[in-house]
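A.B. asks: Before anything else, here's the structure in question.
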Amino acid sequence: MMQKKATHKSSITNYFVSSTLYLVLSTLYLVLSTQTLSAQDLHFSQLFFNPQNLNPAEIGFFDGDIRANAVIRNQWKSIPVPYQTNVIAIDFAKIKKIKNTNIGLLFNNDKSGDSQYTQNQIILGLSKLFKLNADSTFLFSVGIQEGFFSNSFQTNNQTFDSQFNGTLYDQNSPNGESFLSRKKQYFNTNLGSIFAYRYSAVNTVKLGVSINNFFASKLSFFNNNLVKSNPKIITCFSADHTFKNGSFVLPYLGFLQREKNKEITIGTSFGKKMSLASGQNFKPYLGFFFRNKDAYFLQFGTFYNQFNFALSYDVNYSKLKTATNNRGAIELILVYIFKKPKAFLVFPKNCPVFI
């Protein structure tokens, strides 16, 4: 009987490893043959530290009870109007009375360009975690998100041909444009799944797939039904491996695709646990990542007790490098995980009575 269980576990492991290798090799091939992803999506470098924007199945997939994270991203600061993106998220693991079910709330805000094109997104998500074997080394998570999206723009800082009278530009003259609306609101659905293998208490590998904009929401300000937010598929592989000497690596491989447009990010962070006199958990790390035909970015961060602080800087090498002077984006991430201390149980003992 024990031999059958071992054989079954080995077959699952082999399947997971072979699937992962296939994903890695396929993605490396695509790095050399894809176009960059160009859409009005929110753009992040450290997507692996931005779980609810990565995959709804990531909701509650952490060691703790409550996780809160914030992201501040400033992109292309060298251009006249840089892009600014802000994220606030919180998720709760293991909702009471609903076994292995998690809930998350996400708020995204993005503003870009002279038109102050603004995206506000409020997204509610649920996930369910399944243990595939008795010792919980194999895990499977599925998740869904439903969001309310609001897009808008302004024309105050824009210029139009009709405002040029042949000699001078007059900002106060009519722009000659007729907009049906400057705001578009709609609902959006994301789906995702994760397969994970925990081969020790601190070591995990994960393979996840998610589909954003599942129902291809309409985006046009002119009621053009052909203008849609088509589905975007995100496939990612990540791992967390700690060696016996306290050093650790966090490799990541992500593949994003929307129609013919593709984006690939590959790289790793590496660090080491430091011994502090106070007994605090301090693990600084450095990272280097490459995004095809767009940028590479450097990362510095540290885990300190329940906190994770990460700062990245993009160096742009795409065709925009002339305008951006090779500068891409600064992205700051802060994550805090709250974990309730385990109750210390005292069991009474009956003392013998000596007469």
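The values are calculated or read from the model by the stated rules, or taken from the named source; none is laboratory data. What you see is a predicted model; the values in this text were computed from it and never measured. FYI the Cβ positions are ideal-geometry reconstructions off the backbone, even for glycines, and counts take in every protein chain you see.
A.B. asks: List pairs: first residue in region 284-304 and part of a strand (DSSP E or B), second residue among the charged types (D, E, K, R) anywhere in the structure, Cβ distance under 6 angstrom, at least six positions apart or on different chains.
C.D. replies: So the pair list comes out as ALA295/ASP314; PHE297/ASP314; PHE303/LYS283.
A.B. asks: I would also like to ask the following. Condition first: modelled with pLDDT under 80, in contact with a strand residue (DSSP E or B) (Cβ under 7 Å, 6 or more places away or on another chain) and of a type outside the set (Asp, Glu). Can you find one or more residues in region 134-157 that meet it?
C.D. replies: No, that holds for no residue.
A.B. asks: For ALA39, which of the numbered conditions (1) assigned to a loop (DSSP other than H, G, I, E, B); (2) among the hydrophobic types (A, V, I, L, M, F, W, C); (3) modelled with pLDDT of 95 or more fails to hold?
C.D. replies: Just one mismatch for ALA39, condition (3).
A.B. asks: Could you say whether any residue in region 298-320 is buried (at least 19 other Cβ atoms within 10 Å of the Cβ) and of a type in the set (Val, Ile, Thr)?
C.D. replies: no
A.B. asks: Take the residues in region 42-75 that are aliphatic (A, V, I, L, M) and out of contact with any Gly (no Cβ under 7 Å at 6 or more places or on another chain); name whichever of them is modelled with the lowest pLDDT.
C.D. replies: Here the residue is LEU42.
A.B. asks: Within region 244-271, how many residues turn out to be at pLDDT below 95 and surrounded by fewer than 17 Cβ atoms within 10 Å (Cβ to Cβ)?
C.D. replies: Total satisfying the criteria: 6.
A.B. asks: If you don't mind, another one. Would you mind listing the strands (runs of 3 or more DSSP E) fully within region 164-258 where at least 2 residues are of a type in the set (Phe, Trp, Tyr)?
C.D. replies: 183-198, 247-258
Every residue, every condition in (1) farther than 18 Å from PHE48 by Cβ; (2) of a type in the set (S, T, N, Q); (3) buried (at least 17 other Cβ atoms within 10 Å of the Cβ), yes or no:
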site	(1), (2), (3)
ASP63	no, no, no
ARG67	no, no, yes
ASN74	yes, yes, no
LYS94	yes, no, no
ILE123	yes, no, yes
SER127	no, yes, yes
LEU139	no, no, yes
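A.B. asks: Tell me, please, whether a residue that is touching a helix residue (DSSP H, G or I) at 6+ places or on another chain (Cβ under 6 Å), surrounded by fewer than 18 Cβ atoms within 10 Å (Cβ to Cβ) and closer than 19 Å to PRO51 by Cβ can be found in region 156-179.
C.D. replies: The answer is no, given that none of the residues of region 156-179 is touching a helix residue (DSSP H, G or I) at 6+ places or on another chain (Cβ under 6 Å), surrounded by fewer than 18 Cβ atoms within 10 Å (Cβ to Cβ) and closer than 19 Å to PRO51 by Cβ.
A.B. asks: Can you name every residue in region 185-238 that is buried (at least 18 other Cβ atoms within 10 Å of the Cβ), touching a Leu at 6+ places or on another chain (Cβ under 8 Å) and among the aliphatic types (A, V, I, L, M)?
C.D. replies: ILE194, ALA196, LEU207, ILE234, listed by residue number.
A.B. asks: On the basis of being of a type in the set (Ser, Thr, Tyr), assigned to a loop (DSSP other than H, G, I, E, B), farther than 28 Å from SER220 by Cα and over 18 Å from the mean Cα position of the chain (by Cα), does SER136 make the cut?
C.D. replies: Criteria met by SER136.
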